[in-house]
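Chemist: Sending over a structure as structure tokens; questions will come in a sec.
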Amino acid sequence: MKFTFAAAFLAGTATAFAPVTFGGRPTHTSSLKSAVEESVYTFAKSEEIFAEAQTLMPGGVSSPVRAFKSVGGNPVVFDRVKGAYAWDVDENKYIDYVGTWGPAILGHADDDVLDAVKATMEKGTSFGAPCPLENELAKAVVAAVPSVEMVRFTNSGTEACMGMIRLVRAFTGREKVIKFEGCYHGHADSFLVQAGSGVATLGLPDSPGVPAAATSATYCAEYNNLESVKAILEANKDEMAAIILEPIVGNSGFIKPTQEFLEGLRALCDEHGALLVFDEVMTGFRVAFGGAQQYFGVTPDVTTMGKVIGGGLPVGAYGGRKDIMEVVAPAGPMYQAGTLSGNPLAMTAGIETLKKLSEPGVYEELERKSQKLVDGILAAGKKHGHALTGGCAGGMFGWFFNEGPVSSFKDAAKSDTEKFGKWHRMMLERGVYLAPSTYEAGFMSMSHTDEDIERTIAIAEDVMSKL
């Protein structure tokens with residue numbers, strides 16, 4: 001690691017990101033700009049560790065997007081995280097807008113969550129039996145999410161979606177489902193059809209190893225295009241079990257639906273006897289306390305969740321109307337199980353996280369900060385002649401190097417991914433950690449300060465001037 005900023009800027013404490021002060025008065029954008037003119041980070045230890053990792057794990061990572069394939073260069077290797085910040089093994093400090101891909105909505109390693117988890121750990125790390133913590137988190141989820149009357153906990157969003165698709169088929173007695181181009185619902189075979197996210201990042205249309213029979217009942221429509229949905233429904237009368245979507249897309253970049261689109265899907269499901277499923281693994285407790293369904297006022301029949309409800313530990317869940325959920329074993333015949341489901345440590349982290357998120361003004365503040373960041377990045381891009389579009393909802397945001405608007409994966413695919421890759425690397429070298437793919441959303445936390453955002457915008461403007 002080499003230093004060309006002021007030493008205070010790179011110090012390994014949270015105070016390193018306080019406003020720069022001249023003559024006793026804090027200054028922000030103007031002084032920040034002068035402090036971010038040269039890249040400062042080198043990654044010798046990260047390179048060494050990642051080189052070894054490539055001999056031990058496929059691609060050197062435990063999940064594909066972490067490998068930085070679409071942005072060039074190798075990934076940095078993290079050492080620790082706290083609040084809005086991350087430190088790599090070379091002691092470089094970053095303002096982190098990935099937030100472990102969404103769960104860190106309070107900020108990393110929240111003290112209250114950690115204390116609660118430590119107290120629970122004294123009782124044991126896994127029970128494999130019912131515990132009161134499951135009831136407590138389940139009651140919190142049922143109270144918050146409009147569509148959920150009963151809930152089943154799993155260990156990941158992928159597991160939740162695997163249970164969900166089996167459930168909608170069991171409940172309706174139908175096999176066919178509609179999903180949307182660019183929407184990702186985990187890596188189960190049935191969903192790896194035009195799935196966005198890591199698949200799009202790697203340039204793979206689907207995945208080898210998925211039998212044709214596994215996806216033959218999965219139909220793909222275009223996001224924000226009701227006519228494409230109607231055409232599939234008309235061609236498959238009384239055969240669709242469900243329409244499944246991300247109510248805000250986060251796995252093709254950040255793409256908002258229109259209100260008319262969501263309301264139209266609700267009406268079409270009612271008309272055709274299909275279930276409406278919102279995959280809120282990313283948006284649940286992230287864009288509003290009750291998820292995207294509260295944000296837009298459209299209630300699905302079934303909801304999948306994950307990320308935030310585990311407070312940084314591995315948790316997923318699916319829930320819905322009581323009559324639907326009572327089809328799940330042992331109440332009903334549809335089998336799904338998990339050794340570590342309802343893990344006490346994960347339940348505790350989720351409970352403590354949701355307690356804090358239920359406080360007044362949390363989501364208004366998250367959206368204010370997200371909007372400030374997006375507005376600043378877009379303004380910086382426009383100032384330096386770059387085509388750039390973006391948006392936000394609650395603590396979730398994103399942008400594309402694209403004239404816009406972006407309302408579907410087809411639109412997102414027109415973005416300048418080469419420019420995004422260069423921009424990502426230059427931001428990384430200057431202390432801003434962003435999702436390493438144009439097809440991923442970003443995440444704001446309660447720990448991010450206005451100074452963090454202003455510094456990020458100043459760094460972005462410097463980088464935009466050099467692209």
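The values are calculated or read from the model by the stated rules, or taken from the named source; none is laboratory data. Keep in mind the model is a prediction, meaning the values are calculated, not measured. Neighbour counts are summed over all protein chains in view; Cβ atoms, including those assigned to glycine, are modelled from backbone coordinates with ideal geometry. Areas reflect the complete protein model, heavy atoms only, side chains present, ligands, DNA and RNA absent. Shrake-Rupley method; radii C 1.70, N 1.55, O 1.52, S 1.80 Å.
Chemist: Once the whole set of protein chains is in place, how much accessible area is left on residue 153, using a 1.4 Å probe, in Å² to the nearest 10?
Modeler: 20
Chemist: Then there's this: How large, in percent, is the carbon and sulfur part of the accessible surface of the chain at a probe radius of 1.4 Å? The partial results should precede the final answer.
Modeler: On the way: 10040 of 18660 Å².
Solvent-exposed carbon and sulfur of the chain make up 54 percent of the total.
Chemist: Based on the alpha-carbon set only, what is the convex hull volume of segment 321-365 divided per residue, in Å³? The partial results should precede the final answer.
Modeler: Details: hull volume 5.3 nm³, N = 45.
It comes to 118 Å³ per residue, whole-number rounded.
Chemist: Another question, then. Based on the Cβ-Cβ distance from residue 135 to residue 258, what FRET efficiency comes out when R0 is 35 Å, to the nearest 0.05? Could the numbers behind the result be given before it?
Modeler: On the way: r = 38 Å, r/R0 = 1.09.
Calculated transfer efficiency: 0.35.
Chemist: If you don't mind, another one. Working from Cα positions, state the angle (0 to 90°, nearest 10) between the long axis of helix 157-172 and the longest principal axis of the chain.
Modeler: Helix 157-172 and the main axis of the chain meet at about 20 degrees.
Chemist: Using only C-alpha atoms and all pairs of different ones, pull out the Kirkwood radius for segment 232-385 in Å with one decimal.
Modeler: On the way: mean 1/r = 0.0563 Å⁻¹.
The answer is 17.7 Å.
Chemist: Would you calculate, for the chain, the mean residue ellipticity at 222 nm contributed by helices, counting each DSSP H stretch of 4 or more residues as -39,500 (n - 2.57) and dividing by all residues, to the nearest 500?
Modeler: Working: 17 runs with 171 residues, N = 467.
Helix-only estimate at 222 nm: -11000 deg cm²/dmol.
Chemist: Using only the heavy atoms of the protein chains and a 1.4 Å probe, how would 411, 111 rank by accessible area, largest first?
Modeler: Values: 411 25, 111 90 Å².
Sorted by accessible area, descending: 111, 411.
Chemist: Another question, if that's okay. Under a point-charge model restricted to the Cβ atoms of Lys and Arg (+1) and Asp and Glu (-1), what is the dipole moment magnitude of segment 216-311 relative to its Cα centre, in debye to the nearest 20?
Modeler: Values: 6 positive and 13 negative charges, 86 e Å.
Dipole size: approximately 420 debye.
Chemist: For 295, 94, 363, give the ranking by accessible area with the largest first, probe 1.4 Å.
Modeler: Working: 295 75, 94 0, 363 30 Å².
Reading off the accessible areas and sorting them downward yields 295, 363, 94.
Chemist: For 121, 334, write out the residues from largest to smallest accessible area, computed with a 1.4 angstrom probe and no ligands counted.
Modeler: Numbers: 121 95, 334 10 Å².
Output order, biggest surface exposure first: 121, 334.
Chemist: Divide the volume of the convex hull of the Cα atoms of the chain by its number of residues and quote the answer in cubic angstrom per residue. It would help to have the intermediate numbers written out before the result.
Modeler: Details: hull volume 66.7 nm³, N = 467.
Output value, Cα hull per residue: 143 Å³.
Chemist: Please report how far the C-alpha centroid of segment 411-467 lies from that of segment 81-122, rounded to the nearest whole angstrom.
Modeler: 20
Chemist: Kindly express, to the nearest 10 degrees and within the range 0 to 90, the angle between helix 259-272's C-alpha long axis and the longest C-alpha principal axis of the chain.
Modeler: 20
Chemist: Give me the angle, in degrees from 0 to 90, between the Cα long axis of helix 226-235 and the longest principal axis of the Cα atoms of the chain, rounded to the nearest 10.
Modeler: Value to nearest ten degrees: 30.
Chemist: Tell me the per residue accessible area of the chain using a 1.4 Å probe; a whole number in Å² is fine. All intermediate terms of the calculation are to be shown ahead of the outcome.
Modeler: Working: 18660 Å² over 467 residues.
On a per-residue basis, the chain sits at 40 Å².
Chemist: Give me P(r) over segment 36-136, computed from all C-alpha to C-alpha distances, binned every 10 Å, as integer percentages.
Modeler: 12, 32, 30, 20, 5, 1
Chemist: Can I ask one more? Which number comes out as Rg/Rh for segment 126-187 once both Rg and the Kirkwood Rh are worked out on C-alpha atoms?
Modeler: Ratio of gyration radius to Kirkwood radius for segment 126-187: 1.03.
Chemist: Sticking with this structure for a sec: Leaving ligands, DNA and RNA out of it, work out the accessible area of residue 131 with a 1.4 Å probe and give it in Å² to the nearest 10.
Modeler: 10
Chemist: Just the number, please: percent antiparallel of the DSSP beta bridges in the chain, rounded to the nearest 5.
Modeler: Working: 29 of 48 bridges.
Taking every DSSP beta bridge with both residues in the chain, the antiparallel ones total about 60 percent.
Chemist: With a 1.4 Å probe and every protein chain left in place, tell me how much accessible area residue 299 has, in Å² to the nearest 10.
Modeler: 60
Chemist: Within segment 71-230, what percent of beta bridges assigned by DSSP are antiparallel, to the nearest 5?
Modeler: On the way: 8 of 12 bridges.
Percentage antiparallel, nearest 5: 65.
Chemist: On full extension of the chain, what length is gained from residue 61 through residue 91, given 0.36 nm per residue of separation minus the C-alpha to C-alpha distance?
Modeler: Values: separation 30, 0.36 × 30 = 10.80 nm, distance 2.05 nm.
Residue separation times 0.36 nm, minus the Cα-Cα distance, leaves 8.8 nm.
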